[in-house]
């Protein structure tokens with residue numbers, strides 16, 4: 001991933017998506033710069049420890065740093081499901097100023113409309129940004145363990161194929177900072193769900209002798225379901241960051257953060 005430093009904050013871009021001129025995308029960090037110091041409270045979640053006006057100030061700062069009007073963002077009420085929403089201009093501004101106004105019961109969005117920023121919240125779950133370079137279609141999927149075993153990333157691509165006749169070989173994917181297998185201890189319920197979805201635990205789960213628990217490999221699981229639907233492995237960029245280990249840069253639920261960073265994608 002590529003780091004972009006601005007006057008107000010630092011954000012990141014995927015190398016594989018950065019070469020497309022008709023596309024804007026980003027992954028925010030927790031870095032908040034003032035005139036006198038650098039802080040780590042650049043939280044953009046209205047469901048967190050900070051006051052709503054502080055969150056809105058951060059969202060406005062992010063908007064200014066990216067040169068994307070805040071009213072062009074669409075934010076979901078993420079529920080760890082597998083619903084993929086098709087977005088048009090009427091959705092602009094949803095969830096930006098009030099959580100209650102967010103797009104309900106949705107964990108993934110796709111659109112062919114320009115000027116709409118599909119925006120995800122994350123804090124250990126995978127923020128997945130998707131771009132069809134030929135048909136000019138974008139997608140954004142939020143995938144924790146539940147979304148991963150529901151194959152939300154694959155279902156997002158399937159929806160792009162169904163709605164817009166996308167070809168998998170034309171699709172590029174960036175998987176944002178998220179928790180690595182080393183730090184993602186899971187319980188028996190996740191082990192069972194992985195077996196039911198993927199038919200095996202090999203590569204998806206690793207037994208950790210130190211913790212005495214299985215650890216879930218989100219990144220491998222995402223790669224499998226994306227390549228299974230036909231996306232070339234070389235078109236998929238994996239995160240250079242584990243949120244748990246890089247907690248100074250990104251919020252992490254496993255580090256007991258209630259704050260969240262964000263990831264967005266927009267056609268221009």
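The values are calculated or read from the model by the stated rules, or taken from the named source; none is laboratory data. On a predicted model such as this, the values are computed, not experimentally measured, just so you know. For neighbour counting, all protein chains shown are included, and Cβ atoms are generated from backbone atoms with ideal geometry for every residue, glycine included.
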Restricting to the range 55-65, count the residues that are crowded, with 21+ Cβ neighbours inside 10 Å and either touching a residue at least 40 places away in the same chain (Cβ under 8 Å) or on the phi > 0 side of the Ramachandran plot (or both). 1
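Each row is one residue, and each column tells you yes or no for (1) surrounded by 23 or more Cβ atoms within 10 Å (Cβ to Cβ); (2) farther than 20 Å from residue 80 by Cα; (3) at pLDDT below 95; (4) within 16 Å of the chain's Cα centre (by Cα).
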position: 137; (1), (2), (3), (4): yes, yes, no, no
position: 186; (1), (2), (3), (4): no, no, no, no
position: 194; (1), (2), (3), (4): no, no, no, no
position: 200; (1), (2), (3), (4): no, yes, no, no
Please determine whether any residue of the range 45-58 is in a helix (DSSP H, G or I), within 25 Å of residue 100 (Cβ to Cβ) and in contact with a strand residue (DSSP E or B) (Cβ under 8 Å, 6 or more places away or on another chain). yes
Regarding the range 211-234, can at least one residue be identified that is modelled with pLDDT under 95, farther than 24 Å from residue 32 by Cα, exposed (fewer than 15 other Cβ atoms within 10 Å of the Cβ) and out of contact with any strand residue (DSSP E or B) (no Cβ under 6 Å at 6 or more places or on another chain)? yes
Could you list all residues from the range 159-188 that are closer than 18 Å to residue 238 by Cβ and in a loop (DSSP other than H, G, I, E, B)? 176, 177, 179, 180, 184
Mind checking whether some residue in the range 234-252 is in contact with a helix residue (DSSP H, G or I) (Cβ under 6 Å, 6 or more places away or on another chain), assigned to a helix (DSSP H, G or I) and either free of Cβ contacts under 8 Å to residues at least 60 places away in the same chain or under 22 Å from residue 15 (Cβ atoms) (or both)? no
Per-region count, the range 253-268, residues buried (at least 24 other Cβ atoms within 10 Å of the Cβ) and touching a helix residue (DSSP H, G or I) at 6+ places or on another chain (Cβ under 9 Å): 4
Could you run through the range 1-23 and say how many residues are over 17 Å from residue 261 (Cβ atoms) and not in a loop (DSSP other than H, G, I, E, B)? 1
Can you tell me how many residues in the range 68-84 are without any contact (Cβ under 8 Å) to a residue 60 or more places away in the chain and buried (at least 21 other Cβ atoms within 10 Å of the Cβ)? 2
Single residue of 156, 90 found to be surrounded by fewer than 23 Cβ atoms within 10 Å (Cβ to Cβ) and assigned to a helix (DSSP H, G or I): 90
Of the residues 42, 14, which single one is under 17 Å from the mean Cα position of the chain (by Cα), surrounded by 12 or more Cβ atoms within 10 Å (Cβ to Cβ), closer than 19 Å to residue 248 by Cβ and in contact (Cβ under 8 Å) with a residue 60 or more places away in the chain? 42
Taking residue 27 and the conditions (1) in contact (Cβ under 8 Å) with a residue 40 or more places away in the chain; (2) closer than 22 Å to residue 246 by Cα; (3) out of contact with any strand residue (DSSP E or B) (no Cβ under 7 Å at 6 or more places or on another chain), which numbered condition does it fall short on, given that it satisfies the others? (3)
